[in-house]
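Asker: I'd like to ask you about the structure that follows.
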Amino acid sequence: MHTVAAHHDEDKSQYFWVWGVLLLLTAVEVVLAYRQVFQPVQMLEALMVLSVIKSALIIGWFMHLKYEIAAMKWVMMVAVCACLCLMCVFFADAARILQLGVR
Amino acid sequence: MADMAVHHGVADAYEPSLFGTYSKKIGMWLFLLSDSLTFGALLFAYSYNRISNPDWPTPFHKESIINATIMTGCLLSSSLTMVLAVMAARRGDRSWTRNWILATMLFGSAFVVLHGMEWTKLMGEGMWPWKNPWAATAPQFGGTFFTLTGMHMLHVTIGVIYLGVVSLRKAFLPILLVIWGIVFFATPADSFFHIAVHVLLIGLVVAAVILFLKPKDYDAHDVEIAGLYWHFVDLVWMFIFPLVYLMSTRVQG
C-alpha cells in the first residue's frame with residue numbers, strides 16, 4: 001500500500017467533533033419526535049432541516065468534498081439540489097392533499 | 001489505468017483532470033450521484049404517502065425508536081472509523097487501515113442484524129410488503145417501507161462485502177462462506193435471516209470472480225473510494241431515520 005499525500009491539513013480531532021455533532025443532532029431529532037413537539041408538517045420541516053445539516057457535515061468532512069476543487073463540488077451538488085427541489089414540490093403537494101382532500 | 005502516470009513520449013497528450021482528482025474517485029462520485037436519485041424517488045414515495053394520509057399508521061413504538069437510534073449510532077460510528085481508515089491508508093499504515101476497516105464492517109454488520117431483527121418483529125405483527133394490518137386506510141405502507149429500508153439494507157450489506165474485499169482480499173472469501181453457513185443452518189426456515197443471508201452467497205460469488213480475475217493490492221485510493229460509498233450509505237440513513245421512523249412514532253403503547 002503506497003502512501004498518498006493528503007492535499008489538505010488533516011486533523012484527526014475534527015472528525016471526532018463532526019461525529020459528536022452528528023450524534024447530538026440525532027438525539028435532538030429523537031427528542032423532537034418522541035415528545036411530539038410539532039404537528040406532522042412542522043415536524044417534517046424541522047427534521048428535514050436537521051437532516052440537511054447532518055448530510056452537509058457528512059458530505060463536507062467525512063466524504064472530503066470541502067477539500068475538492070469548485071468544479072467537483074458544483075457537479076456533485078447538482079443531484080442533491082435536484083432532490084431538495086423535488087422535495088419542496090412533492091411535500092408541498094402532499095400537504096395540499098392533507099388540507100384540501102383529493103379532488 | 002487512467003490513474004497511473006502514462007508516458008508515451010508525447011508532450012501534453014493527457015490533460016489534467018477537469019475535477020482535479022483521479023478518475024476512479026470521479027467515477028464513484030458519479031455513481032453516488034445517480035444512486036442518490038434512486039433513493040430520492042423511494043424516499044419521496046414513502047414521505048408523500050405519509051404526509052398526505054392523516055390515517056397513516058404509527059407502528060414504531062419506544063422499543064423500535066431505541067433500536068433505530070442505536071442503528072443510527074452504529075452507522076455514524078462506522079463513518080468515523082472509515083474516515084480513520086482512509087487517514088491510515090494515506091499514511092501507508094497497512095495494519096491500522098485494516099483494523100479501522102474491520103471496525104467499520106463490525107458496525108455495519110451490527111446495523112444489518114438490528115435492522116433484520118426489526119423487520120422480523122414487524123413481520124410477526126403482520127406487516128409484509130404486500131399486506132399490512134392497516135390495509136383499509138394505508139395499503140401502501142408495507143410496500144413503501146420494505147422497499148425503501150430493504151434497498152438501504154442491501155446497500156449496507158454490499159458495503160460490508162466491499163470493505164471486506166478491500167481489506168482482506170481473498171482471505172475474506174472463506175470468512176463470508178462460514179458466516180453464510182452459520183446463519184443459514186442456525187436459523188429457522190421461515191426466518192428473515194435464513195432467506196436474506198443468500199445475499200452473502202451472491203456477494204461471495206461476485207467477490208470471488210473479481211478477486212481471481214483481477215487480483216490486486218488495494219491501495220490508499222481504493223480505500224478512499226470504498227469510504228465514499230460507505231459514507232453515502234450513512235448519508236441516506238440520515239434521511240430514512242427521520243422520515244420513516246421518527247415521523248411514524250407511536251408515543252403511547
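The values are calculated or read from the model by the stated rules, or taken from the named source; none is laboratory data. Quick caveat: nothing in here was measured; it's all calculated off a predicted structure. Counting neighbours? That spans all protein chains shown, and the Cβs are built from the backbone with ideal geometry, glycine included.
Asker: Can you pull out the helices (runs of 4 or more DSSP H) entirely within the range A:7-103 that have at least 1 residues that are surrounded by 15 or more Cβ atoms within 10 Å (Cβ to Cβ), facing chain B (nearest Cβ under 9 Å) and modelled with pLDDT of 90 or more?
Answerer: Those helices (runs of 4 or more DSSP H) span A:12-34, A:40-57.
Asker: Looking at B:Met87, is it surrounded by fewer than 16 Cβ atoms within 10 Å (Cβ to Cβ) and of a type in the set (A, V, I, L, M, F, W, C)?
Answerer: So B:Met87 fails the test.
Asker: On to the next question. If we keep just the residues of the range B:218-253 that are among the aromatic types (Phe, Trp, Tyr) and closer than 20 Å to B:Ile158 by Cβ, which is surrounded by the fewest Cβ atoms within 10 Å (Cβ to Cβ)? Step through it out loud before you land on a result.
Answerer: Step one: list which residues in the range B:218-253 are among the aromatic types (Phe, Trp, Tyr), which gives B:218, B:229-230, B:232, B:237, B:239, B:241, B:245.
Next, only the ones that are closer than 20 Å to B:Ile158 by Cβ stay: B:218, B:229-230, B:232, B:237, B:239, B:241.
Values: B:Tyr218: 17, B:Tyr229: 19, B:Trp230: 31, B:Phe232: 25, B:Trp237: 27, B:Phe239: 24, B:Phe241: 24.
The residue in question is B:Tyr218.
Asker: Working only within the range B:91-111, note down all residues that are surrounded by fewer than 21 Cβ atoms within 10 Å (Cβ to Cβ) and at negative phi.
Answerer: Correct list: B:Arg91, B:Asp93, B:Arg94, B:Ser95, B:Trp96, B:Arg98, B:Asn99, B:Leu102, B:Ala103, B:Leu106, B:Ser109, B:Ala110.
Asker: Here is a follow-up. Of all residues in the range B:118-140, how many are at pLDDT 90 or above and closer than 16 Å to B:Arg50 by Cα?
Answerer: Qualifying residue count, the range B:118-140: 0.
Asker: State whether one or more residues within the range B:198-210 are in a helix (DSSP H, G or I), surrounded by 15 or more Cβ atoms within 10 Å (Cβ to Cβ) and on the phi > 0 side of the Ramachandran plot.
Answerer: no
Asker: I need a count of the residues in the range B:66-86 that are of a type in the set (A, V, I, L, M), in contact with a Ser or Thr (Cβ under 6 Å, 6 or more places away or on another chain) and within 10 Å of chain A (Cβ to nearest Cβ).
Answerer: We begin by selecting, within the range B:66-86, every residue of a type in the set (A, V, I, L, M); these are B:66, B:68, B:70-71, B:75-76, B:80, B:82-86.
Applying the additional criterion that residues be in contact with a Ser or Thr (Cβ under 6 Å, 6 or more places away or on another chain) yields B:82, B:85.
Next, from what is left, pick out any that are within 10 Å of chain A (Cβ to nearest Cβ): B:82.
Residues meeting the conditions: 1.
Asker: Here's another thing I want to ask about it. Only residues that are within 12 Å of B:Lys24 (Cα to Cα) and of a type in the set (A, V, I, L, M, F, W, C): list them for the range B:221-235, please.
Answerer: Within the range B:221-235, B:Val223, B:Ile225, B:Ala226, B:Leu228 qualify.
Asker: Restricting to the range B:50-73, count the residues that are surrounded by fewer than 20 Cβ atoms within 10 Å (Cβ to Cβ) and in contact with a helix residue (DSSP H, G or I) (Cβ under 6 Å, 6 or more places away or on another chain).
Answerer: The total comes to 6.
Asker: Being out of contact with any helix residue (DSSP H, G or I) (no Cβ under 8 Å at 6 or more places or on another chain), assigned to a loop (DSSP other than H, G, I, E, B) and surrounded by fewer than 18 Cβ atoms within 10 Å (Cβ to Cβ) narrows it down to one residue among B:Pro215, B:Pro139, B:Pro188, B:Pro174; which is it? Reasoning before the result, please.
Answerer: Working: B:Pro215 fails: out of contact with any helix residue (DSSP H, G or I) (no Cβ under 8 Å at 6 or more places or on another chain); B:Pro188 fails: out of contact with any helix residue (DSSP H, G or I) (no Cβ under 8 Å at 6 or more places or on another chain); B:Pro174 fails: assigned to a loop (DSSP other than H, G, I, E, B).
None of the others qualify; the one that does is B:Pro139.
Asker: Here's another thing I want to ask about it. Within the range B:32-61, which residues are more than 8 Å from every other protein chain (Cβ to nearest Cβ) and free of Cβ contacts under 8 Å to residues at least 24 places away in the same chain?
Answerer: Result: B:Ala41, single match.
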